[in-house]
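**Student:** What follows is a structure written as structure tokens; I'll ask about it next.
The values are calculated or read from the model by the stated rules, or taken from the named source; none is laboratory data. Note that the structure is predicted; figures quoted are calculated from it, not measured. As a convention, Cβ positions derive from the backbone with ideal geometry for all residues, glycine included, and neighbour counts pool all protein chains shown.
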Amino acid sequence: MQFGLRQFDLWRLSAVSPKLGILGVLLCAIFALSACTEKEKEALEEALLNPSPGKSNEKNGAGFSGIESLETEDANFNRHIYPTGGIHNDKGCGESPCLFLRPAQAPEDPIFPDWWTTEWTMYRVHSNYQNNPPPYTSPPERLKSDDFESSTGKSWYDSTYVPRHHDGTRSNFGAFMQHFEKKCLPLFKGSNDYSCSFVSLGNKTYLIRYDDRPDETPKCCLFSPMNHPPRLDFVKHLEYDIRRSQMLGGTVDVYTRLFGKKAESLLGYVFEKESRPDSFDERAEPYRHPHSMFFTGSTAKPVPDAPIVSINYNNFRMEKPAPSETWDIVGKTCPKKPEWCCLYGSDCNKIPASRRSSRPAKAAE
């Protein structure tokens, strides 16, 4: 087992293990366990596989407490673990790590900064996408104005965050929040005419709805028990797309893959080809900024009618999110045991009220 020297790894290990001091963690990380005693090795393994409950990295924010773990005996548990090709979990990867080999002409893979914040514009493309596929500029210059609908949102990411609830897995770290203003993620059948936020804390991802949510839908539900934030090097799970990388004047590098039994669902991430300084952290080394992401949404008609969705980033920057302004909303909004989000027809044994209505609720007075 190898451990790199990334700062967030050292913070995470020192935060979750009371048995290892920071000096021990540093030595083990630097010398890849060769300098560790057997006792230190055992403690390090235990820290990764069975983190001590109640310990959190205070440098990473307050986190949340009081959210009970759902038992795996729940019949809906596995139905809410969606294959993501290694990006959010390893379901379906088998013994393979879901990696793609790179062609000789591919550049070195870009990586995310340890933490970041960005505003964005979402384009729901419903027409003329067959002859004008993504990636897109902002707004999409190859499309007519009536080919798409636009809305706005914001994302926050922190790879160093450690949840207070530990589930005993190595993947239970990181925080990621995506807020969709007035138009929720058009990935599911039915109207998306309401604001929503998807919040990933460690392995768990929650869906938060607001006052404009559909009638009888909960403010909070559990989207998935195993859907961690993308890792810094997540593009290794995507294929370098030579053809799409030649679009937009050759200014971007595009990474894609297809999902589904018939390879009917597309996912792509776009990075700027050239490195440039960060607008927030002037001390940071120049890096290749994320440009956009695109994916196949729900094609259900009349709504949401989203065969292609593109989220184009505006002012992507290395600004560390404040938990009190972002994912602390989970602890403030969610009950101790949130109900499942039954967003797909096969998600739940019994479809709750949240699936029975898509009518917009009246705004709170």
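**Student:** For the condition touching a His at 6+ places or on another chain (Cβ under 9 Å) and of a type in the set (A, V, I, L, M, F, W, C), what is the one hit in PHE188, PHE198?
**Tutor:** When all the criteria are applied, what remains is PHE198.
Matching residues to (1) surrounded by fewer than 22 Cβ atoms within 10 Å (Cβ to Cβ); (2) modelled with pLDDT under 95:
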position: HIS179; (1), (2): yes, no
position: ASP193; (1), (2): yes, no
position: SER200; (1), (2): no, no
position: TYR206; (1), (2): no, no
position: TYR210; (1), (2): yes, no
position: ASP215; (1), (2): yes, yes
position: LYS219; (1), (2): yes, no
position: PRO230; (1), (2): yes, no
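**Student:** I'm trying to understand the selection: among the residues of the stretch 215-251, which are touching a helix residue (DSSP H, G or I) at 6+ places or on another chain (Cβ under 8 Å) and of a type in the set (Ser, Thr, Tyr)?
**Tutor:** Listed by number, the residues that qualify are THR217, SER224.
**Student:** Within the set of pairs 6 or more residues apart or between chains, which connect a residue that is assigned by TED's automatic domain parsing to the domain that holds LEU101 inside the stretch 256-278 to a residue that is among the polar types (S, T, N, Q) and not in a strand (DSSP E or B) with Cβ atoms less than 6 Å apart?
**Tutor:** That search, which allows pairs on different chains as well, returns SER265/THR296; LEU266/THR296; LYS273/THR251.
**Student:** If you take the residues of the stretch 152-190 that are within 17 Å of ILE208 (Cα to Cα) and of a type in the set (S, T, N, Q), which of them is nearest to the chain's Cα centre (by Cα)?
**Tutor:** Among them, the one singled out is GLN178.
**Student:** Does ASP253 meet the test of being in contact with a Phe, Trp or Tyr (Cβ under 7 Å, 6 or more places away or on another chain) and not small (Gly, Ala, Ser)?
**Tutor:** So ASP253 passes the test.
**Student:** Applying the selection to the stretch 98-138, what residues are in a loop (DSSP other than H, G, I, E, B) and touching a Gly at 6+ places or on another chain (Cβ under 6 Å)?
**Tutor:** Selection gives CYS98 alone.
**Student:** For the stretch 138-160, name all the residues that are in contact with a Ser or Thr (Cβ under 9 Å, 6 or more places away or on another chain) and not charged (D, E, K, R).
**Tutor:** Passing the criteria: SER138, PRO139, PRO140, LEU143, PHE148, SER150, SER151, THR152, GLY153, SER155, TRP156, TYR157.
**Student:** Has the stretch 237-249 got at least one residue that is touching a residue at least 40 places away in the same chain (Cβ under 8 Å), in a loop (DSSP other than H, G, I, E, B) and surrounded by fewer than 21 Cβ atoms within 10 Å (Cβ to Cβ)?
**Tutor:** Within the stretch 237-249, one or more residues are touching a residue at least 40 places away in the same chain (Cβ under 8 Å), in a loop (DSSP other than H, G, I, E, B) and surrounded by fewer than 21 Cβ atoms within 10 Å (Cβ to Cβ).
**Student:** Quick test for you: out of PRO307, PRO302, pick the one residue that is loosely packed, with under 14 Cβ neighbours inside 10 Å, closer than 30 Å to TYR344 by Cα and either in the same structural domain as GLY86 (by TED's automatic domain parsing) or not small (Gly, Ala, Ser) (or both).
**Tutor:** PRO302
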